[in-house]
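S.K.: To start, I am sharing the structure in question, which I have written as structure tokens.
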Amino acid sequence: MVSNRCKMAVKDALRKLKLHFVVVDLGEVDIMENINEEQRFHLKLELFNSGLELMDDKRAMLIEKIKNVIIEMVHHSEEAIKINFSDFLSEKLNHDYTYLANLFSEVQGTTIEQFIIVHKIERIKELIIYGELNITEIAWKMNYSSVAHLSNQFKKVTGLSPSHFKKMKNKRRSPIEEIGNQISDE
């Protein structure tokens, strides 16, 4: 789950199956009952019909948690990103960063760093479209060392400069749920 819409879909599926939940958060659900195989099958089916999947593979769940931490930090945090992300991720998920990075690369076919970059670029697009901040303020907010660094990375990912993107009439953005999938599809 990578958005509030996903959380709502999961809650609806649980209610439909008369399952009681304590927590439905990005990437995890805590159900009050012990569910049997039939309930698990129906839950998988309900989630699949909503475009989601039930994960019970520990590696897949850890990958999902990595993605959720990145998405939360890049898209939903209003504070400037001013931390060493590898340390933050290791502490947050209680795993060595090298292990997390190797697992992510093996399963996703891309690096955590590249995943962060494409999410940061998508967030930058959003901030450009909103027009509330200038490019210097966006560079600071997104923890770039300079406007030039942001501009170079933006152009490398999108093929456009931020100023050219701003002038476009039909600005192309991607839903958060699809950003990580685009990397491995290229």
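The values are calculated or read from the model by the stated rules, or taken from the named source; none is laboratory data. All values derive from a computational prediction rather than experimental measurement. Don't worry about glycine lacking a Cβ; one is built from the backbone with ideal geometry, like all the others, and counts go over all protein chains shown. Areas reflect the complete protein model, heavy atoms only, side chains present, ligands, DNA and RNA absent. Shrake-Rupley method; radii C 1.70, N 1.55, O 1.52, S 1.80 Å.
S.K.: In debye, nearest 20: dipole of the range 39-153 around its Cα centre with unit charges on the Cβ of K, R (+) and D, E (-)?
M.R.: In debye, rounded to 20, the range 39-153 gives about 120.
S.K.: Can you give me the solvent accessible area of His75 with a 1.4 Å probe, rounded to the nearest 10 Å²?
M.R.: Counting only protein heavy atoms, the figure is 20 Å².
S.K.: Can I ask one more? For the range 1-149, with all protein chains present and a 1.4 Å probe, just round the carbon and sulfur fraction of the accessible area to a whole percent.
M.R.: So the carbon and sulfur contribution to the accessible surface is 50 percent.
S.K.: Residues of the range 1-129: accessible area per residue at 1.4 Å, in Å²? Each step should come with its number before you reach the end.
M.R.: On the way: 7590 Å² over 129 residues.
Result: 59 Å² of accessible area for each residue.
S.K.: While we're on this one: Just the number, please: Stokes-Einstein D of the range 13-155 in µm²/s, Kirkwood Rh from C-alpha pairs, 20 °C, 1.002 mPa s.
M.R.: 123 µm²/s
S.K.: Filter the cross-link list Lys120/Lys155; Lys58/Lys92; Lys67/Lys92; Lys7/Lys125; Lys11/Lys92; Lys11/Lys44 down to pairs whose alpha-carbon distance in this structure exceeds 21 Å.
M.R.: Long pairs (Cα-Cα over 21 Å): Lys7/Lys125; Lys11/Lys92.
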